Amino acid sequence: MARTAEHRLPARRRRRLTVALAVLLTAGTAGAGTVAWNARSGSHEAAPEQPVRVHTTKVARADLSTSRTLPGTLGYGLPHTLKGSGAGIVTRLPAPGATTVRGKPLYWVDDRPVPVLLGDTPFFRALDKPGLRGHDVTVLAGNLRALGYDTGNTGEPAAGRSSRHEAQGDEFTPALSDALRRWQRDTGQKATGTLTPGQAVVLPRPVRVNTVTAALGDPVAGELLTYTSTATSVSVTVDATDVGGVRTGQAVTVTLPDDRRIPATVTAVSRVVQGGSADEQQAQTGPATVAVTVTPLRPADVKALDSASVQVLFTSTERKGVLTVPVTALVALREGGYAVQRPGGALAAVETGMFSDGLVEISGPGVSEGMTVVTAS
């Protein structure tokens, strides 16, 4: 014997149908005892029966994605400490929020400017003798050239540099010494043509002064200030078990305190796991986490903010143009799996895919875009 549509419904759906029928029967019984008087004919008319309302929806194509929103802090990233070197007394210091410029002074020692140069090797020795070779010489020569000074040939041409030259660095030549002397004279330094530690500070890139920790009159050989990146970014803490879904270059959305949503991208995922050790777990300090840095695509979007609490939306999986219905349109079959129900009661078996925001991806030979199906609400 063929199974009726009602028998094929799950118990939950049958219960809903039974309740609806009970309401209908009750209404019908009340209707039989209730009459409407027709003044024109003087006869009695039975009130019409009200049909059971069925909620329906249509199968539609949509883009689905799995996402999560995590709290973040907008700022300039983690601060780094700058220590002075050499001898002397600090006589001038920058203001918090100031940004560094190549060749311009950052602070003053004994009333002499200490300019900023960019590079990856600090000045750790006196550059005062021709023939000295090293990466500190490379930093000096590269900065003077960037500032417009002719340094002559301080090493092999860039195109022909050997691995040996790369390991040894540039050479401190008389021409480089002359270029150094000209720069010193032009910037108010003592024009010696030599450079000793403490006469210039080397930073990896232009930076922003975060806090000033030294005071005027302090010895220069100590902590002077902290600095950060010049670009605002968002710091997000992600559980170590979930960080696998976060990658550098991933597009994210940041919601600002005024509810504006701005595009951003993941620019760094730390390789260091914080917390999660046995001692920390005993102290109940929380799970192991990883620091993630997110940078807005348009700096102008956050130009007016120095710091703020924000929300970051990470989208990890995306399905475009798939057939979807509300989750409430799914019918759980007694024999397993799911189906959708047509208004007439017929069921069409479906395969489910991604669930997102109350929708579910479906597929199957009996479903198509625009098809009307029954939903619970």
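The values are calculated or read from the model by the stated rules, or taken from the named source; none is laboratory data. Small disclaimer: the values here were computed from a predicted structure and weren't measured. With ideal geometry, Cβ positions are generated from the backbone for all residues, glycine too; neighbour counts draw on all protein chains shown.
Brief remarks follow.
- Near pairs, Cβ below 6 angstrom, 6+ apart or cross-chain, from segment 132-156 (assigned by TED's automatic domain parsing to the domain that holds Arg185) to any residue that is acidic (Asp, Glu) and not in a helix (DSSP H, G or I): Arg133/Glu171; Val137/Asp170; Thr138/Asp170; Ala141/Asp170; Thr154/Asp170; Thr154/Glu171; Gly155/Asp170; Gly155/Glu171
- Picking from residues in segment 119-178 that are modelled with pLDDT of 95 or more, acidic (Asp, Glu) and assigned to a helix (DSSP H, G or I), the one that is farthest from Lys190 (Cα to Cα) is Asp136.
- For segment 259-289, the set of residues classified as among the hydrophobic types (A, V, I, L, M, F, W, C), surrounded by 13 or more Cβ atoms within 10 Å (Cβ to Cβ) and modelled with pLDDT under 95 consists of Ala268, Val269, Val273, Ala288, listed by residue number.
- Selection from segment 135-151 of residues that are among the hydrophobic types (A, V, I, L, M, F, W, C) and either closer than 9 Å to Asp170 by Cα or surrounded by 20 or more Cβ atoms within 10 Å (Cβ to Cβ) (or both): Val137, Val139, Leu140, Ala141, Leu144
- Set Val350, Val294, Val327: member being at negative phi and under 27 Å from the mean Cα position of the chain (by Cα): Val294
- Every residue from segment 97-112 that is in contact with a Lys or Arg (Cβ under 9 Å, 6 or more places away or on another chain), surrounded by fewer than 17 Cβ atoms within 10 Å (Cβ to Cβ) and either closer than 30 Å to Asp306 by Cα or of a type in the set (Gly, Ala, Ser) (or both): Gly97, Ala98, Thr99
- Cβ-Cβ distances below 6 Å connect the following pairs, each with a first residue in segment 95-123 that is farther than 14 Å from Lys83 by Cα, a second residue that is hydroxyl-bearing (Ser, Thr, Tyr) and modelled with pLDDT under 95, and a separation of six or more residues or different chains: Thr99/Thr230.
- If the condition is being surrounded by fewer than 17 Cβ atoms within 10 Å (Cβ to Cβ) and either within 39 Å of the chain's Cα centre (by Cα) or among the acidic types (Asp, Glu) (or both), then segment 123-134 contributes Phe124, Asp128.
- Qualifying residue in segment 253-260 (condition: assigned to a loop (DSSP other than H, G, I, E, B), within 14 Å of the chain's Cα centre (by Cα) and not assigned by TED's automatic domain parsing to the domain that holds Asp111): yes
- Qualifying residue in segment 90-103 (condition: assigned to a loop (DSSP other than H, G, I, E, B) and either touching a Cys at 6+ places or on another chain (Cβ under 8 Å) or within 10 Å of Ala200 (Cα to Cα) (or both)): yes
- Residue match in segment 235-255 (condition: within 30 Å of Tyr107 (Cβ to Cβ) and surrounded by 14 or more Cβ atoms within 10 Å (Cβ to Cβ)): yes
- Test: residue in segment 336-348 that is assigned to a strand (DSSP E or B), touching a residue at least 12 places away in the same chain (Cβ under 8 Å) and loosely packed, with under 15 Cβ neighbours inside 10 Å: no
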